[in-house]
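Accompanying notes for the structure given below.
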Amino acid sequence: MGRLIDPKETVEILKKYDFIFSKRYGQNFLIDEHVLGKILRAADITKEDAVLEIGPGIGTMTQALADAAGQVVAVEIDEKLLPILSDTLQDFQNVTVVHADILETDIRELSRQYAGGKPFKVVANLPYYITTPIIMGLLENDLPVTSITVMVQKEVAQRMQEKPGSKDYGALSLAVQYYAEPYLAANVPRNCFMPRPDVDSAVIRLTKRPEPAVKVQDPKLMFRLIRASFSVRRKTLLNGLKNAGDLGYSASELTEAVKALGKGETVRGETLSLQEFAFLSDTLSAMRNG
Ligand code: SAM
């Protein structure tokens, strides 16, 4: 059998198993060799590496990852794909397919069980309906993950790497950049998938930082401030914080903290860097503890 990245092979295997794509699971299978090469290069996989693939589909990327990596663990939710994966991955001894929902999976345990406790490089053509929860789950929970190289919707990739002041800068940019360094590796047109999705895609690599990008006394408070300030775009930061209601600070405390930034009372949240949100958060923390 040839490699699935050849669209003819993909069509053949889908026919063999009478497979019907599930929209619910965001199934758009990769059929472009050039793009596959770009993902592998961006992920920088060697035989020393353990790879966690999220959503292997029919195993297109899995075959290439198995060639490049020491160990591959692939987590797939759709049980209809399991017989196909046993077929397409039968020649690869270093792949374990796990039937599970990635959002319910204990990744530390996967690494212990199937990769000798090695941290994972995560590689995936992500189901778009749960891109953000998957990525934030991988970043937030201090998991054995060193990098995340993923195909996502183009606009989402853009948001993850955006800097203050630009149109797409927001809570996702700040959350991702707190934990990781983003690098946009490739733009991918919609005709590289079967079936063809309604949106364009991009490959982004997030290299996890050994320590978060800024030191902040209470990261939870900082992220509540970030969410509050972006929930009312195009209003002032101070209005956003006051509207949030549940921050536990009075209007005058919030005003004082915003003033301490030195950018005026009418500063907008979307112009603040991660460092400035950390400063704002620490100023408010000090009012309670100091
Ligand atoms: N990796 C394959 C490829 O590139 O051709 C398939 C990518 S397709 C965009 C997304 C895959 O993720 C599908 O196989 C889908 O069934 C699977 N999936 C969707 N939701 C999932 C979840 N919660 N946990 C694990 N896999 C999931």
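The values are calculated or read from the model by the stated rules, or taken from the named source; none is laboratory data. Just so you know, these numbers come straight off a predicted model, no measurement behind them. We place every Cβ from the backbone using ideal geometry, glycine too, and count neighbours over all the protein chains shown. Surface areas here come from the heavy atoms of the whole protein model, side chains and all, with no ligands, DNA or RNA. Shrake-Rupley method; radii C 1.70, N 1.55, O 1.52, S 1.80 Å.
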Rg (one decimal) and Dmax (whole number) from the Cα set of segment 219-289, in Å, equal 10.5, 32
Taking placed amide H atoms and a strict 5 Å upper bound, the residues 5 or more places from residue 186 or on another chain that come that close are 203
In debye to the nearest 20, the charge dipole size for segment 1-137, taken about the Cα centre with +1 at each Lys and Arg Cβ and -1 at each Asp and Glu Cβ, equals 200 debye
Per the C-alpha gyration tensor (a ≥ b ≥ c, the square roots of its eigenvalues), segment 7-208 is rounded if a/c is under 1.5, else prolate if a/b beats b/c, else oblate; here it's oblate
For the chain, longest principal axis from Cα atoms; helix 131-140 axis from its Cα atoms; angle between them, nearest 10 degrees, is 70 degrees
Listed by chain and number, the residues whose amide H is under 5 Å from that of residue 96, excluding neighbours fewer than 5 places away on the same chain and using placed H, are 72, 73, 74
For segment 4-11, in residue order, the Karplus 3J(HN,Hα) values (coefficients 6.51, -1.76, 1.60; θ = phi - 60°; whole Hz; Gly and Pro = x) are 5, 5, 6, x, 4, 5, 4, 4
Percent antiparallel among DSSP beta bridges confined to the chain, nearest 5, equals 45 percent
With x for Gly and Pro, the residue-by-residue ³J(HN,Hα) of segment 105-114, computed from phi through the Karplus equation 6.51 cos²θ - 1.76 cosθ + 1.60 at θ = phi - 60° and given in whole Hz, is 9, 7, 6, 4, 5, 4, 5, 5, 6, 10
Percent relative contact order for segment 26-182, counting Cα pairs under 8 Å at least six residues apart, stands at 21 percent
Contact order relative to length for the chain, counting C-alpha pairs under 8 Å separated by 6 or more residues, stands in percent at 15 percent
Sparse-neighbourhood loop hits (GluC sites (Glu not before Pro), segment 205-290; DSSP loop; Cβ within 10 Å at most 15 others) -> 265
Between residue 22 and residue 288, the FRET efficiency computed from the C-beta separation at R0 = 45 Å comes out, to the nearest 0.05, as 0.40
For segment 48-60, in residue order, the Karplus 3J(HN,Hα) values (coefficients 6.51, -1.76, 1.60; θ = phi - 60°; whole Hz; Gly and Pro = x) are 7, 9, 9, 10, 9, 9, 9, x, x, x, 8, x, 4
Under 12 Å by backbone N from the virtual spin label 7 Å along Cα-to-Cβ at residue 217, the residues of segment 251-290 are 279-290
As straight-line cross-link partners of residue 23, the qualifying lysines (C-alpha separation under 28 Å, not fewer than 8 residues apart within one chain) are 8, 15, 38, 80, 121, 154
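Ignoring everything except DSSP H segments at least 4 long, calculate the 222 nm mean residue ellipticity for the chain; use -39,500 (n - 2.57) per segment, divide by total residues, nearest 500.
-12000 deg cm²/dmol
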Whole-percent carbon and sulfur contribution to the accessible surface of the chain (1.4 Å, no ligands, DNA or RNA) stands at 48 percent
Of the candidates 238, 127, 210, the farthest towards the positive dipole end of the chain (Lys/Arg Cβ +1, Asp/Glu Cβ -1, centred on the Cα centre) is 238
Rounded to whole Å², per residue accessible area for the chain with a 1.4 Å probe reads 47 Å²
Ordering 17-24, 154-161, 182-189 by per-residue average of other C-beta atoms within 10 angstrom, highest first, gives 154-161, 182-189, 17-24
Amide H neighbours of residue 180 at under 5 Å, excluding residues fewer than 5 places away on the same chain, with H built from the backbone geometry, are 209
